[in-house]
Amino acid sequence: MKKVCFILLLICVVADRAQAQDTSYLSSLAKLDIEGLMNQEVSSVLRKDQPLNRAAAAIFVISQEDIRRSGSRSIPELLRMVPGVTVKRESTGTYQVTARGFDSNGSSKLLVLIDGRSVYSPVFSGVFWDVQDIIPEDIERIEVIRGPGAVSWGENAVNGVINIITKNSKDTQGFRAIAGTNNKSSSTTSITYGGEISEDSHYRIFGKYSSRDSLKLSSGGDSDADAYFGRAGFRMDSKIEDDELTILGDIYNGDTTQSVNLLTSFEPPFTERVKNETDLSGGSFVMKYRHVQSKDSEIIGQVYYDRTNRENLQFGEGRDTYDVDVQHHITASEVHDFVYGANFRVTSDSFNESLGVQVEPNARTDTIANFFLQDEITVEKERVSVIPGIKLGYNDYSQFNFQPALKLVWTPTKKQTVWSSISRAVRSPARIDEDIKAYGQPTIGSSGNVEVPAVFGTKGFDAEELYAYELGYRSQLSSTVSMDIAAYYHDYDDLLSASVGDPFIEETPAPRHLVFPLYLNNSLNGSARGIETFFNWKATERIDMSAGYSFITLGFDPDAGAADLFGDTLENRTPHNQATIRAHFKLSDRAELNAVAYYVDSIPDQSIPSYIRTDLHLGYQISDAWVIDVAAQNLTSDDHREAGTQENGSKIDRTYFLKLTYGF
Amino acid sequence: MRLGVSTIYRWGRAQKSLLAILLGFFVPITALQAEAISKEYQVKAAFIYKFLNFVEWQSSINNRLICVYGENPFGDSLEQLIQAHDQSSSTKVRLTKNIADIASCNVLFISSSEKSSIEWILDAIKETPVMTVSDVEHFAQSGGVVEFILQEGRIRFNINHAQAKRAGIKISSQLLALAKNVVMEE
């Protein structure tokens, strides 16, 4: 038995003792019976069954192991490891997550799904990450696709798709309680219990509560963004012969408080600094049925209902969404493999307005319908496939849209895949584009009148359009090293912009004021190009390392005759270079050490310098039932800011975490 | 510049980052252990070891001979399993790359390195009471007795009962019930 020795003597000693424990796995196997052996998981599900290596897209999968190793407490933090994805923490619980640029729009071009349910908010055209607090230990995997996924995924899969899949109830049996805290007075507790209804039916129920203390502002003051959150839910999985039924439900309730300058009137001093408490509540119910007709044909049907409520002094939104989705996957012949389906969604909202933010009409019901068809044509068996696809959509704003895609997959050898893709995707208009009216900060003009800028949505706002050209290469370089590289050119048109309108006088609400309007329109176009690459090295049975790097450059221009209002911001808000290095050390059968380092380029636009962040996480299995995790985030970098300006951006500094897990 | 304690305190952010990266990503400085035996093969070794309890050979001799033909993927897992159970066990393990050695084996694991010779090996010993085991694709169909397959990250096995009967090996119905597929007749 050879030894592995490291620079830090401490690790050397532990590893040495660990070698002797290597055989403990084998001796535990010896005690099992045949059925027990059949239950042993020896490889990741993904690598064998899913033909991920043949996917014609820039896909990155965050596995259960990645989640456990990162010690991560939230989904946005987990997404930092994906090349091409930019994650910026704005404040305590709010994050900006985007793929391939467009950082200032708050994920408007991302489709984010949790177990098939879209969590994208059509009124803000973005995702509120603070309410997507799934228990990380219940996540099976997160699939992140950068680039358009229009054909096979849902609405708004323009710059990327984030597909979060929770574990099957069969895999979360027994009792588990987790309590975590950090040195910033935040804590999270969750309890999960999984049981068996019958041999083929399993369930789990869970409850989670978290409280987060606010971060400090980089300017020194308190960001006053405390947050409290409770969530409970269940999942049930049944196997009915060859078919599968899955039912999920959850409800949540919480509030976050943030100090804001609230517009209270058009009389000086105009605004009041208030503690704006946002009430968050909602729930969802998802039912999914997978019918396996034969090994060549399966039909998946899904319905869900989702309710979200988000209310504070600035605005309040209540939304009900009903969604039906059916897909059929059929391998018609040795040459043709079809997937086709239809989706129908009705979403209905109502708004409470404030002086500063108004929505006209303040209640609306929208319908979205889609039909898609994709054929994987085998040109040469297990070598070359051509995949044409098309999605036809209808929505109440821009009516019909048409999103075609053509992909090619070539596997010259069993260990290499080359893929390329040309596709068109659209970001359908949302409530915010047509119906919004928002005032900015009023001032007293030179003539003594009250002057106030305002942004107005425009009826007839068009869908934003993308033509994407992508090329990628994946290779298993050796039995221990794999690499993935993707390059892309994105050509955008009809991007959100605004035109400056003639000032006009508004009498109400009194006193009269002069409005300087900006009307939203689609007068911006531009492009993004970049490269994303990822390497994985399984150095030994106990050491795993990976590295990711991405580069992006963006350029935007207004259409002829139009004003360039947002172009510069869009160009400069995304850091050009980002890199991640991760290392995992299995110290023994009970202990693991994980280290991550992130490099994020500067954002000169907001005076945010580049930063390097290093995290360490140590996990130790105290006994069969107890596990302790200790982590330090941001060990080395000075306090840094990731988003916002010097006045209002939050300070991200060193944080220590402690987590205890009890389970049986 | 002397690397004293005071120097470290004056290091700038970049240097601190570098130190942390080195601490977190240190490079092993002595020879690394040759790739440890994967979980997959440790479990397969355990299976082979357990199979002995479910199979009867006509010969009444107690000592069993487990042979591994071709590249050995098990390391010393088989030996360890036997030792752990019974230090003085008469079950032995033989690693061989010589076709002449296999006739006296009770259990013969054919490694994937010998994939191209499988057909004629099986043909050569088809009347001999040898329980052939492998994880090469279509092994059971080709006349092997036990074929390991990987399904959703877990190990399953197919049994060619017809071949077992032809070779004079009796397989317990308990084991047949646990197999994913059983080949009954040719």
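Observations on the structure shown:
- Scanning the range A:22-73 for residues that are modelled with pLDDT under 80 and more than 12 Å from chain B (Cβ to nearest Cβ) returns A:51, A:52, A:53, A:54, A:55, A:72, A:73.
- Residue A:511 at pLDDT 90 or above and more than 28 Å from the chain's Cα centre (by Cα): no
- Of the residues making up the range A:404-441, those that are under 29 Å from residue A:361 (Cβ atoms), assigned to a strand (DSSP E or B) and open to solvent by 10 Å² or more (accessible area, probe 1.4 Å) are A:436, A:437, A:438, A:439.
- Positions within the range B:116-138 being among the hydrophobic types (A, V, I, L, M, F, W, C), buried (at least 21 other Cβ atoms within 10 Å of the Cβ) and under 15 Å from the mean Cα position of the chain (by Cα), in sequence order: B:131, B:133
- If you go through the range B:117-161 and pick out every residue that is among the acidic types (Asp, Glu), under 30 Å from residue A:140 (Cβ atoms) and modelled with pLDDT under 90, you end up with 2.
- Scanning the range A:313-334 for residues that are open to solvent by 60 Å² or more (accessible area, probe 1.4 Å) and either assigned to a strand (DSSP E or B) or over 26 Å from residue A:281 (Cβ atoms) (or both) yields A:322, A:324, A:326, A:329, A:332, A:334.
- Options A:390, A:444: the member that is among the hydrophobic types (A, V, I, L, M, F, W, C) and open to solvent by 60 Å² or more (accessible area, probe 1.4 Å): A:444
Matching residues to (1) among the basic types (Lys, Arg); (2) at pLDDT below 90; (3) in contact with a strand residue (DSSP E or B) (Cβ under 9 Å, 6 or more places away or on another chain):
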{"residue": "A:132", "(1), (2), (3)": "no, yes, yes"}
{"residue": "A:146", "(1), (2), (3)": "yes, no, yes"}
{"residue": "A:164", "(1), (2), (3)": "no, no, yes"}
{"residue": "A:172", "(1), (2), (3)": "no, yes, yes"}
{"residue": "A:175", "(1), (2), (3)": "no, no, yes"}
{"residue": "A:178", "(1), (2), (3)": "no, no, yes"}
{"residue": "A:181", "(1), (2), (3)": "no, no, yes"}
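- Going through (1) outside any strand (DSSP E or B); (2) open to solvent by less than 20 Å² (accessible area, probe 1.4 Å); (3) not charged (D, E, K, R) one by one, residue A:597 falls short only on (1).
- The residue that is nearest to residue A:401 (Cα to Cα), among those in the range A:347-364 that are open to solvent by 40 Å² or more (accessible area, probe 1.4 Å) and either within 26 Å of the chain's Cα centre (by Cα) or of a type in the set (Gly, Ala, Ser) (or both), is A:363.
- Among residues of the range A:470-484 being open to solvent by 60 Å² or more (accessible area, probe 1.4 Å) and not in a loop (DSSP other than H, G, I, E, B), the one that is nearest to residue A:401 (Cα to Cα) is A:471.
- The range B:56-81, subset over 15 Å from residue A:33 (Cα atoms) and within 12 Å of another protein chain (Cβ to nearest Cβ), residue surrounded by the most Cβ atoms within 10 Å (Cβ to Cβ): B:78
- Members of the range A:283-320 found to be without any contact (Cβ under 8 Å) to a residue 40 or more places away in the chain, polar (S, T, N, Q) and under 27 Å from residue A:208 (Cβ atoms), listed by number: A:309, A:312
- Test for residue A:608: is it β-branched (Val, Ile, Thr), in contact with an Asp or Glu (Cβ under 8 Å, 6 or more places away or on another chain) and more than 14 Å from chain B (Cβ to nearest Cβ): yes
- Considered as a group, the residues in the range B:87-115 that are farther than 21 Å from residue B:55 by Cβ and among the small types (Gly, Ala, Ser) include one that is most open to solvent (accessible area, probe 1.4 Å), and that residue is B:88.
- Hits in the range A:558-584 - residues which are touching a Phe, Trp or Tyr at 6+ places or on another chain (Cβ under 7 Å) and part of a loop (DSSP other than H, G, I, E, B): A:576
- Among residues of the range A:258-272 that are without any contact (Cβ under 8 Å) to a residue 12 or more places away in the chain, those with a Cβ under 7 angstrom from a residue that is not in a loop (DSSP other than H, G, I, E, B), sequence gap 6+ or separate chain, pair up as A:272/A:262.
- For the range A:457-469, the candidate set comprises residues that are of a type outside the set (Asp, Glu) and open to solvent by less than 30 Å² (accessible area, probe 1.4 Å); within that set, the residue that is nearest to residue A:263 (Cα to Cα) is A:457.
- Counting residues in the range A:546-563 that are farther than 30 Å from residue A:491 by Cβ, within 14 Å of chain B (Cβ to nearest Cβ), surrounded by 18 or more Cβ atoms within 10 Å (Cβ to Cβ) and out of contact with any Asp or Glu (no Cβ under 8 Å at 6 or more places or on another chain) gives one or more.
- Filtered by the rule that a residue be part of a loop (DSSP other than H, G, I, E, B), within 13 Å of chain A (Cβ to nearest Cβ) and among the small types (Gly, Ala, Ser), the range B:128-186 gives B:153, B:172, B:179.
- Near pairs, Cβ below 8 angstrom, 6+ apart or cross-chain, from the range A:21-50 (of a type in the set (D, E, K, R)) to any residue that is modelled with pLDDT under 70 and in a loop (DSSP other than H, G, I, E, B): A:22/A:1; A:22/B:36
- Members of the range A:611-646 found to be of a type in the set (Gly, Ala, Ser), away from chain B (no Cβ under 14 Å), in contact with a helix residue (DSSP H, G or I) (Cβ under 8 Å, 6 or more places away or on another chain) and part of a loop (DSSP other than H, G, I, E, B), listed by number: A:643, A:644
The values are calculated or read from the model by the stated rules, or taken from the named source; none is laboratory data. The shown structure was predicted, so the numbers you read here are calculated from the model rather than taken from an experiment. FYI the Cβ positions are ideal-geometry reconstructions off the backbone, even for glycines, and counts take in every protein chain you see. The protein model used for the area step is the full one, side chains on, heavy atoms only, and it has no ligands, DNA or RNA in it. Shrake-Rupley method; radii C 1.70, N 1.55, O 1.52, S 1.80 Å.
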